[in-house]
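Asker: Would you mind keeping the following structure in view while I ask a few things?
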Amino acid sequence: RDCWPEIWETIGPLLYGAFDAGEPAWGEDMALVLERNGFPEQTYFTFSYSRIGAEGEQGGVLCTCVETTKSVSREAQFRAMADNIANIVFTHAPDGTVEWANSRWFEYTRLPAEIALTAEGWAHVLPPDDFALILRTLEHAFAVGEPYEAEIRVKPYGADDRAYRWHLLRAVPM
């Protein structure tokens, strides 16, 4: 309470939950407003609380805490930049699972949000042979760690096949 009184309402229950009930608590990139240099500042932290001590004893609580403000801010800057360019931008895992896409993807494809980033969604807006090409290209690119490029056709969700438009897909495995 003495160290961060302005956020005690948020972190106090996590601490006491770990201490009193033995329930570990974890929060990633928690938004917290801290007083710094006499001014409120938006910060982000990843916390972990775990009770320590022998079985049946309450020895204390181990708290690990890492400030993630810079990485959260960089991510927000990237997303703002990506949402304001004319191109479709997305990130995906090595297995092809799309993790994030900018607003252009949603605007162009008109896919419902619940399927926009899924294989089901992609199957609605790409012809089957282009979808298979992307999966093969991704698999190869991630296996060898090289950039890839493919030309694919994409159409808005619900449009007939005459609506396909060619797109150049470029990516770098990271």
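The values are calculated or read from the model by the stated rules, or taken from the named source; none is laboratory data. On a predicted model such as this, the values are computed, not experimentally measured, just so you know. Virtual Cβ from ideal backbone geometry, glycine too; neighbours counted across all protein chains shown. Note: areas computed on protein heavy atoms with side chains; ligands, DNA, RNA excluded. Shrake-Rupley method; radii C 1.70, N 1.55, O 1.52, S 1.80 Å.
Asker: At pLDDT below 90 and within 25 Å of Asn84 (Cβ to Cβ): which single residue out of Trp166, Trp122 fits that description?
Answerer: On inspection, the qualifying residue turns out to be Trp122.
Here's the yes/no breakdown for (1) modelled with pLDDT of 90 or more; (2) loosely packed, with under 13 Cβ neighbours inside 10 Å; (3) out of contact with any Phe, Trp or Tyr (no Cβ under 8 Å at 6 or more places or on another chain); (4) not hydroxyl-bearing (Ser, Thr, Tyr):
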residue	(1), (2), (3), (4)
Glu75	yes, no, yes, yes
Ala80	yes, yes, yes, yes
Asn87	yes, yes, yes, yes
His92	no, no, yes, yes
Gly96	no, no, yes, yes
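Asker: Using beta carbons and a limit of 8 Å, which pairs, at least six apart or on different chains, have the first residue in region 1-28 and touching a residue at least 12 places away in the same chain (Cβ under 8 Å) and the second one of a type in the set (D, E, K, R)?
Answerer: Filtered contacts from region 1-28: Glu6/Glu35; Gly17/Glu23; Ala18/Arg51; Phe19/Arg51; Gly22/Arg51; Pro24/Arg51.
Asker: I would also like to ask the following. If I filter region 8-30 down to residues being surrounded by 14 or more Cβ atoms within 10 Å (Cβ to Cβ) and of a type in the set (A, V, I, L, M, F, W, C), which single residue comes out as farthest from Val72 (Cα to Cα)?
Answerer: Checking each candidate, the answer is Phe19.
Asker: Count, please, the residues in region 149-168 that happen to be open to solvent by less than 20 Å² (accessible area, probe 1.4 Å) and either small (Gly, Ala, Ser) or in a strand (DSSP E or B) (or both).
Answerer: Of the residues in that region, 3 qualify.
Asker: Continuing with this model, one more query. Are any residues in region 31-60 modelled with pLDDT of 90 or more and open to solvent by less than 60 Å² (accessible area, probe 1.4 Å), and if so, which ones?
Answerer: Leu32, Leu34, Thr43, Tyr44, Phe45, Thr46, Phe47, Ser48, Tyr49, Ser50
Residues are listed down the side, and each one gets a yes or a no for (1) open to solvent by less than 10 Å² (accessible area, probe 1.4 Å); (2) of a type in the set (Phe, Trp, Tyr); (3) in contact with a His (Cβ under 9 Å, 6 or more places away or on another chain):
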| position | (1), (2), (3) |
| --- | --- |
| Thr109 | yes, no, yes |
| Trp122 | no, yes, no |
| Asp129 | no, no, no |
| Arg136 | no, no, no |
| His140 | no, no, no |
| Ala143 | no, no, no |
